[in-house]
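Shown next, in structure tokens, is the structure this report addresses.
Read-outs: derived from the displayed coordinates by stated rules, not from any lab. In this text, all values refer to a predicted model and were calculated from it rather than measured experimentally. Methodologically, a virtual Cβ is constructed for each residue, glycine included, from the backbone with ideal geometry; neighbour enumeration extends over all protein chains shown.
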Amino acid sequence: MLVSAKEMLVKAKAGKYAVGQFNINNLEWTKAILQTSQENNSPVILGVSEGAGKYMCGFKTVADMVKAMIDSLGITVPVAIHLDHGSYEGAKKAIEAGFSSVMFDGSKYAIDENIEKTKEIISIAHGKGISVEAEVGAIGGEEDGVIGGGEVADPDECKLIADLGVDMLAAGIGNIHGKYPANWAGLNFDVLAQIQEKTGIMPLVLHGGTGIPADMIKKAISLGVSKINVNTECQLAFADATRKYIEAGKDLEGKGFDPRKLLAPGFEAIKATVKEKMELFGSVDKA
Ligand SMILES: [Zn+2]
């Protein structure tokens with residue numbers, strides 16, 4: 001069932017668990033995540049970056065594929081299709097194409113311009129029942145080619161953006177995209193607690209969920225994080241399983257070169273990763 005991310009995140013915040021956002025790259029990725037959500041009776045958010053959207057022939061192709069797949073696989077758990085780190089123009093295009101949720105990442109703008117543009121996206125999106133995520137302060141690591149440096153958001157700016165009426169708020173608390181360096185300082189829970197205190201019931205979003213230790217994830221959820229983005233971890237699992245298949249020479253045995261066989265171990269690896277995350281986040285049986 002395609003829905004916005006609003007209700008599932010309000011429920012998650014109240015129930016002290018988090019809904020996973022898993023980014024998709026193609027049909028196999030999407031099918032693996034949808035099936036795992038249904039099998040675990042978990043709500044789910046499918047993340048689509050602007051780059052992945054282009055790769056998959058545009059937002060309309062993605063939205064139509066997800067809708068058709070929900071129907072043909074008989075998916076009854078709540079599913080949101082969410083634009084990840086959308087630009088101002090990208091957010092408008094995703095809304096037009098049938099996404100049920102968008103992130104407008106105005107973190108590159110000065111706070112006044114970020115506020116103006118966020119307000120406009122909220123007004124267009126909410127008119128169509130679409131949820132909106134905003135970001136305060138840049139999140140470290142690589143965001144579609146933009147390298148940031150493990151920043152920590154200002155809790156007062158978070159309150160300012162939250163009060164505009166966004167449905168979920170991403171704030172940097174020392175988290176970064178991609179693989180974490182060996183000397184990573186960990187999440188800043190003091191700042192997270194201050195943000196939660198200032199923004200109240202607002203569901204908070206933790207980007208860069210790959211490689212954050214389980215105890216830190218659980219503590220972040222206890223301090224108001226209700227959505228956790230996982231992208232790199234599924235990519236690593238897929239690549240690892242595919243490499244093993246080829247290194248074992250399985251593509252040279254019989255019809256092992258058939259893409260439906262060649263991609264199967266990677267598909268199963270995505271399913272296992274998503275299931276593990278849903279268990280850690282506490283979203284199993286919360287559909
Ligand atoms: Zn992100």
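See the values below:
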read-out: Segment residue 112-residue 76, extension gain: residue separation times 0.36 nm, minus the distance between their alpha carbons; value: 8.9 nm
read-out: Expected 222 nm ellipticity per residue - DSSP helices of 4 or more, -39500 (n - 2.57), all of the chain, to 500; value: -14500 deg cm²/dmol
read-out: Candidate lysines - alpha carbon under 26 Å from residue 198, same-chain residues fewer than 8 apart omitted; value: 6, 11, 13, 16, 108, 117, 119, 159, 218, 219, 227
read-out: Largest-first principal axis extents, alpha carbons of the chain, Å; value: 62, 43, 36
read-out: Rounded to whole Hz, the Karplus (6.51, -1.76, 1.60) HN-Hα couplings of segment 40-47, x for glycine and proline; value: 9, 6, 10, x, 8, 10, 8, x
read-out: Between 0 and 90°, nearest 10: helix 6-15 axis offset from the chain longest Cα axis; value: 80
read-out: GNM result for the chain, Cα springs below 10 Å: residue of 94, 153, 193 fluctuating most strongly; value: 193
read-out: Residues 22, 59 arranged by fewest to most Cβ contacts within 10 Å; value: 59, 22
read-out: Degrees separating the helix 232-247 axis from the principal Cα axis of the chain, which is the longest one; value: 10
read-out: Helix axis angle, 27-39 relative to the chain longest principal axis, alpha carbon, degrees; value: 80
read-out: Extreme residue, positive dipole direction of segment 6-237, given options 164, 130, 14 (C-beta unit charges); value: 14
